[in-house]
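Here's the structure, in structure tokens; my notes come after.
The values are calculated or read from the model by the stated rules, or taken from the named source; none is laboratory data. Only a predicted model underlies this, so the values are computations on that prediction, with no experimental measurement involved. Heads up, the Cβs are rebuilt from the backbone with ideal geometry, glycines too, and the neighbour counts pull from every protein chain shown.
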Amino acid sequence: MAIKILQWNIRYLIRNFEDLRFILQKELPDIFCIQETWLKEGWSFNIQNYNLARKDSQRLGSSLLNYDMFKRNQKDSPNCPHCNAVEDLIHFLWQCPKYSDIRNQYLSSNINITNDFQQKTISTLQLCNPDENFDHCALDRLIQFIKLSKRFQSFTD
């Protein structure tokens, strides 16, 4: 059984809450991640049938990949240090040849990415093989892939 993860850069949850509820009802993800909720401290919300975990950002920006750091003027180049392609999330997870061995071991090749719902970016990643079940799969494998890549080791030491 594949696990379905939905990701959306929502850019103000209050304004887009009804769209979020509609998307969740339509897509029925097992896990959903939303960024840029712009919720103030103490504001909360609930979504039926989901357990929520919230981590408010204390900084501007998105990831520690070169593409994002370049946009924040923290790197001289957006390119991957291993193959010189632009190092964004898709490149890191699915394309960089440096990580092909651990990618083949930990991430399924069954990936489905869609980016077209009402011109909002929604990505649905199927990280598990169809014969694997939810209990031991997608998140653990994704975390293992990231750890074994050692891509962020200098930021976590």
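Considering every residue within region 10-18, establish whether at least one is surrounded by 14 or more Cβ atoms within 10 Å (Cβ to Cβ), within 26 Å of ASP88 (Cβ to Cβ), modelled with pLDDT of 85 or more and not β-branched (Val, Ile, Thr). Yes, there is a match, as at least one residue in region 10-18 is surrounded by 14 or more Cβ atoms within 10 Å (Cβ to Cβ), within 26 Å of ASP88 (Cβ to Cβ), modelled with pLDDT of 85 or more and not β-branched (Val, Ile, Thr).
Screening LEU64 with (1) part of a loop (DSSP other than H, G, I, E, B); (2) under 22 Å from LYS4 (Cβ atoms); (3) of a type outside the set (Lys, Arg); (4) touching a residue at least 40 places away in the same chain (Cβ under 8 Å) gives one miss only, at (2).
Only a single criterion out of (1) modelled with pLDDT under 65; (2) closer than 21 Å to ILE31 by Cα is not satisfied by ILE143, namely (1). Entry remark, region 45-66: residues being modelled with pLDDT of 90 or more and aliphatic (A, V, I, L, M) number 1 in total. Among residues of region 67-100 being of a type in the set (D, E, K, R), within 14 Å of ARG151 (Cβ to Cβ) and not in a loop (DSSP other than H, G, I, E, B), the one that is modelled with the highest pLDDT is LYS98.
Going through region 21-53 one residue at a time, which ones are among the β-branched types (Val, Ile, Thr) and over 14 Å from GLN7 (Cα atoms)? Of everything in region 21-53, just one residue is among the β-branched types (Val, Ile, Thr) and over 14 Å from GLN7 (Cα atoms), namely ILE47. Of all residues in region 18-42, exactly one satisfies the criterion of being under 19 Å from LYS55 (Cβ atoms) and in a helix (DSSP H, G or I), namely LEU20.
Among the numbered conditions (1) within 30 Å of LYS98 (Cα to Cα); (2) surrounded by 13 or more Cβ atoms within 10 Å (Cβ to Cβ); (3) out of contact with any Gly (no Cβ under 7 Å at 6 or more places or on another chain); (4) of a type outside the set (S, T, N, Q), the only one that ASP68 does not meet is (3).
If the condition is being under 16 Å from the mean Cα position of the chain (by Cα) and not aromatic (Phe, Trp, Tyr), then region 10-43 contributes ILE10, ARG11, PRO29, ASP30, ILE31, CYS33, ILE34, GLN35, GLU36, THR37. Cβ-Cβ contacts under 8 Å between residues 6 or more apart (or on different chains), taken from a first residue in region 75-90 that is among the charged types (D, E, K, R) to a second residue that is at pLDDT below 95 and not in a loop (DSSP other than H, G, I, E, B), are listed as LYS75/ASN66; LYS75/MET69; ASP76/PHE70; GLU87/ASN66; GLU87/TYR67; ASP88/TYR67; ASP88/ASP68.
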